[in-house]
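Quick notes on the structure that follows.
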Amino acid sequence: MKRKVAQEQNRPNSANAYNHDTNVKQHVSIKQTAFFRFYEELNDFLPEEQYKTTFPYKFIGNPAIKDTIEAIGVPHTEIDLILVDGESVDFVYQMHGGEHVSVYPVFESFDISSPVHLRTRPLRETKFVVDVNLGKLAQKLRLLGFNTLFRNDFIDKEIVELSLKEKRIILTRNKGILKYRAVTHGYWIRNDDPKEQIKEVVNRFQLERNFRPFSRCSCCNGLLRQVEDTLLQERLPNDTLLNFNVFMECKGCRKLYWQGSHYNRICEWIKELKVN
Ligand SMILES: [Zn+2]
């Protein structure tokens, strides 16, 4: 209704050009209010006064609900379901003011019938591309066998392109990347500590059933293959060759791996990750 009034005010009025101009200015600056409530971990993106509560949000015109939610600070990749006055809507829904909006994260369960879930189906193979701040997390994911791209000079645009082209989930500490319109699968890492970050990712993407430890190079992401010790005599000291039975080589950078003391530590760490 408010929109209709504004459009009528906007009509050219040759009899009174001055009033017409004034009305255009009024139309442009009319603010609408809608009421938002974000659920579960989506609250991580909100300031304290908006945390786990319904709050009013003002906007101008009829923006897409996706843009409004991102203006509030929540990346669209974190969202699975939006209800407007109890009805599920998709990202292109146009705001008009007065709505009550409930926003739910990915992996929440809902007590309502046939909602429009916004995420497309999960990607078939869980692969990642991580931002420049997450090198240690990338190494840990590779140790668990997950195909993970990382370079310390990636720019945002490259990360987005790799995500789309190779169907990779973006892991980032930079919320800005997740606001690119094209991004479909991404996750903002909450923790600073890499040990906690890996637990966060394992839980969030339910990775524990897909661990394939010691299959991938932690340095370059290349796949490992077994090599006979007889072929390694010029590359490893004799006592290493005598003390260990299984040797692996990275197909990418040719780094060698064997079951030394770090192997046992990694096995313990993997056991802990599965329990958490
Ligand atoms: Zn390698």
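Quick note: the coordinates plus some simple rules give every number you see, no bench work behind them. Because the structure is a prediction, the values reported are computed rather than measured. Here the Cβ is made from the backbone with ideal geometry for all residues, glycine too, and neighbour counts use every protein chain on show.
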When each of 127/157; 127/199; 157/251; 157/255; 127/251; 136/175 is checked by Cα-Cα distance, pairs over 21 Å:
157/251; 157/255
Ranking of 231, 137 by count of other Cβ atoms within 10 Å, fewest first:
231, 137
Check residue 80: other-chain or 5+ apart residues with amide H under 5 Å from its amide H, H built from backbone geometry?
104, 106
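Please rank 170, 65, fewest neighbouring Cβ atoms within 10 Å first, as an exposure proxy. Walk me through the numbers before you get to the answer.
Numbers: 170 26, 65 23.
With the sparsest Cβ surroundings first, the list reads 65, 170.
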For q values of 0.22, 0.24 Å⁻¹, compute log₁₀ I(q)/I(0) with the Debye formula on a Cα-only model of the stretch 215-267, without solvent.
-0.84, -0.97
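Kindly work out what percent of the DSSP beta bridges joining two residues of the stretch 127-271 are antiparallel, to the nearest 5. Don't skip to the end; give the middle numbers.
Details: 8 of 16 bridges.
Taking every DSSP beta bridge with both residues in the stretch 127-271, the antiparallel ones total about 50 percent.
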